[in-house]
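Trainee: Below: one structure in structure tokens.
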Amino acid sequence: MPCEQTICISYPDFTATPFPPSVLGAVSFGASEIHAAASLRVPLLTLGNDTPIELWSSALPVATAALNDLHYAHNGVALWGTLTRAVRDEASFESAVETLYEDVLSQTRRAGYPHLLRMWNYFPGIHIEYAGLDRYQRFCVGRQRAFDRHQLRNEREFPAATVIGTQSGDIALYFLAARTPGEPVENPRQLSAYRYPEQYGPASPAFSRSMLKRWDGVAHLYISGTASIVGHESRHQQLNNQLAEILHNLRALAAQATTHSGIDFSLEQRAHLKVYVRDINDASKLRTQLLTELPTTPALFLAGDICRRDLLLEIEALIWSGADA
Ligand code: 3EB
């Protein structure tokens, strides 16, 4: 189906569907390779034989550009980009993240899309420790340094985000930015991550729980990776209880966005989930449980490491509005 909006996100069957003319970007998970001007392969195992593709397209004409290892596409309203960079050694991991984020911030601003809405971050060895901090904590430090240097200090400008550990490969990012700001929506059940106490690391995580964007004719709610966290504390040791808590969190966030905007956002319809599971052997159990809770909501299952060791899974969501929004 061709895209009739500013931005469309779809999960086409790669073999059956030719790429539409206005592709902003494409992400493949698992083994498949894709060819679009801006594309990224994320090396995460998928459940079963799935080799899913996430396709970002537009009804508007798209122009593509690249600056070194940053590849992007834009349509006058939004910019989609991707960047990968090798991890050299532990000592330089933090500064690698910092320069990577600086490159994203400076280039999106130079191109005229200064508002970061959504960031996906994947890198290997998320639990590797060095100088008393693990890679996730050093990621937060590098990201915050770049945000500080670019005067991105207003938390209402923090993008929604996902950070997931891979088993191999480079630091890989993809992101969505826009000419005009989105509206951050925080979760009433969770402390804002940028206010986490210092026990989780020296730099608090600079992301919003979700970002609402009203495009021309459709609104999108980009929900960050959501874990079994209430307040700032991890909850439950068992998989099924963590999933139930996450669904509670996601529902609370969708309800908050609806209250804030008057737009109907629900997990039951016009939603897509990505479920990241620490142990891929847990995926089929989770899928069964998720099917009883949300029988009609499509979900992609990916094996990835969650930043806190006590968390077994994390779920991100995209919800879009009906035609009347
Ligand atoms: C949490 O709620 C879980 O540092 O950008 C989820 C999504 C998490 C994004 C980030 C971290 C981030 O704290 C971890």
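Trainee: Give me the distance in nm between label points sitting 7 Å out from Cα along the Cα-to-Cβ direction at SER106 and GLN167, one decimal.
Mentor: Between SER106 and GLN167, the simple spin-label model gives 3.7 nm.
Trainee: Among 41-48, 273-280, 83-90, how do they line up by average Cβ neighbours within 10 Å per residue, starting with the highest?
Mentor: 273-280, 41-48, 83-90
Trainee: Would you kindly calculate the mean projected area, averaged across all directions, of the convex hull enclosing the Cα atoms of the stretch 123-166, in square nanometres?
Mentor: Taking a quarter of the hull surface, the average projection is 3.5 nm².
Trainee: Another one. Which length gain, in nm to one decimal place, applies between LYS285 and VAL77 when the Cα-Cα distance is subtracted from 0.36 nm times their residue separation?
Mentor: 70.8 nm
Trainee: Could you run the Karplus curve 6.51 cos²θ - 1.76 cosθ + 1.60 with θ = phi - 60° over the stretch 289-298 and give me ³J(HN,Hα) per residue in whole Hz, x for Gly and Pro?
Mentor: 5, 5, 5, 6, 7, 9, x, 10, 8, x
Trainee: Let me ask you something else. Of all DSSP beta bridges in the chain, what percent run antiparallel (nearest 5)?
Mentor: Here the antiparallel bridges make up roughly 75 percent for the chain.
Trainee: Now a separate question. On average, how much area does the Cα convex hull of the stretch 46-93 cover when viewed from any direction, in nm²?
Mentor: 6.0
Trainee: Given Cα pairs under 8 Å that are at least 6 residues apart, what percent is the relative contact order of the chain?
Mentor: Across the chain, relative contact order equals 16 percent.
Trainee: Which value in Å does the Kirkwood hydrodynamic radius of the stretch 8-320 take, with 1/r averaged over all unlike C-alpha pairs and then inverted?
Mentor: Across the stretch 8-320, the inverse of the average 1/r is 19.5 Å.
Trainee: For a label point 7 angstrom out from the Cα of ARG195 toward its Cβ, which stretches of the stretch 226-269 have the backbone nitrogen within less than 15 Å?
Mentor: Residues passing the 15 Å test: 230-233.
Trainee: Once R0 is set to 25 Å, what does the formula 1/(1 + (r/R0)^6) return for the Cβ-Cβ distance between ASP50 and GLU293, expressed as a FRET efficiency to the nearest 0.05?
Mentor: It comes out at approximately 0.75.
Trainee: Once the Cα atoms of the stretch 112-266 are picked out, what are the Rg and Dmax in Å?
Mentor: Taking only Cα atoms of the stretch 112-266, I get Rg and Dmax of 15.9, 49 Å.
Trainee: What order, most packed first, do the peptides 128-140, 193-205, 299-311 have when packing is the mean number of other Cβ atoms within 10 Å of each residue?
Mentor: 299-311, 128-140, 193-205
Trainee: Charges only on Cβ, +1 for Lys and Arg, -1 for Asp and Glu: so what's the dipole of the chain about the Cα centre, in debye to the nearest 20?
Mentor: 440
Where a number appears in this text, it was derived from the coordinates with a stated rule and is not lab data. Quick caveat, the model's predicted, so the values are computed rather than measured. In this analysis, Cβ positions are derived from the backbone assuming ideal geometry, glycine residues included, and neighbour counts consider all displayed protein chains.
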